[in-house]
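Since the structure comes first, as structure tokens, the remarks are kept for the end.
The values are calculated or read from the model by the stated rules, or taken from the named source; none is laboratory data. Since we're looking at a predicted model, the values are computed, not measured. With ideal geometry, Cβ positions are generated from the backbone for all residues, glycine too; neighbour counts draw on all protein chains shown.
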Amino acid sequence: MYRKVAYLSVMIAFSMILSYIESLVPFYFGAPGIKLGLANFIIILMLYSRNIREALLINLVRIVLSGFLFGSMFSILYSLSGGLLSFVIMLLARKSGLFDLTGVSICGGISHNIGQLLIAMYVVHTAGVLYYIPILLIGGLVTGLLIGVIATQVLKRMPRNGELL
């Protein structure tokens, strides 16, 4: 049990480090809120090497802690909406058997942006933010592809038990 807690703690720390690095990298893709999705790398690895509960736990803890440390309540709200929708979509895409890991990551990147856009529509009370959809879809596709390719290569080199340590 202690080993599992330690392992999950390290994965949370890795994902938070990636979130922090991402917050330092100036990345402008034509629309506010588009990020590289580096922390999703850990979630993808957990979905494919461990189990759903652990991946979800890491996702939620990372979003809340990163929001408090590097963001605000609004960033937590946007990240939770994108992160939870993305997680559900990646889970469904994986279970469908129609997508490989990179395809699942692309689905996650696109759905994360859609989740954030839906919250933005709710917060500002207008559908006017929908003009961001083309940019957000392209951004999610590109970043999802990048994270998926990297995660595929890392998973090929991971031990069978799914632990990086």
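Residue 142 fails exactly one of the following numbered conditions: (1) part of a helix (DSSP H, G or I); (2) farther than 25 Å from residue 80 by Cβ. What is the number of that condition?
(2)
Report every pair of residues separated by at least 6 positions or lying on different chains whose Cβ atoms are under 9 Å apart, first residue within segment 101-124 and within 15 Å of residue 143 (Cβ to Cβ) and free of Cβ contacts under 8 Å to residues at least 60 places away in the same chain, second of a type in the set (Val, Ile, Thr) and crowded, with 21+ Cβ neighbours inside 10 Å.
101/44; 102/147; 106/143; 106/147
For segment 132-145, name all the residues that are polar (S, T, N, Q) and at pLDDT below 90.
The first filter runs over segment 132-145 and keeps only residues polar (S, T, N, Q), leaving 143.
Passing the criteria: none in range.
Could you tell me which numbered condition residue 107 fails, if it satisfies all but one of (1) within 14 Å of the chain's Cα centre (by Cα); (2) within 23 Å of residue 17 (Cα to Cα)?
(2)
What's the number of the condition residue 129 fails, among (1) at pLDDT 90 or above; (2) part of a helix (DSSP H, G or I)?
(1)
Among what's in segment 56-100 and is surrounded by fewer than 16 Cβ atoms within 10 Å (Cβ to Cβ) and within 17 Å of residue 23 (Cα to Cα), pick the residue that is modelled with the lowest pLDDT.
70
Just the residues that are within 14 Å of residue 44 (Cβ to Cβ), assigned to a helix (DSSP H, G or I) and more than 14 Å from the chain's Cα centre (by Cα), please, taken from segment 73-102.
93, 94
Against the definition (without any contact (Cβ under 8 Å) to a residue 24 or more places away in the chain, assigned to a helix (DSSP H, G or I), more than 11 Å from the chain's Cα centre (by Cα) and closer than 17 Å to residue 145 by Cα), how does residue 6 come out, yes or no? Before you say what the answer is, go through the steps one by one.
Details: without any contact (Cβ under 8 Å) to a residue 24 or more places away in the chain: yes; assigned to a helix (DSSP H, G or I): yes; more than 11 Å from the chain's Cα centre (by Cα): yes; closer than 17 Å to residue 145 by Cα: no.
No, not satisfied.
Can you tell me which residue within segment 34-55, out of those that are among the small types (Gly, Ala, Ser) and not in a helix (DSSP H, G or I), is modelled with the lowest pLDDT?
Kept after step one, since they are among the small types (Gly, Ala, Ser), are these residues of segment 34-55: 37, 39, 49, 55.
When the remaining residues are screened for being not in a helix (DSSP H, G or I), the result is 37, 39.
Working: 37: 85, 39: 88.
It comes out as 37.
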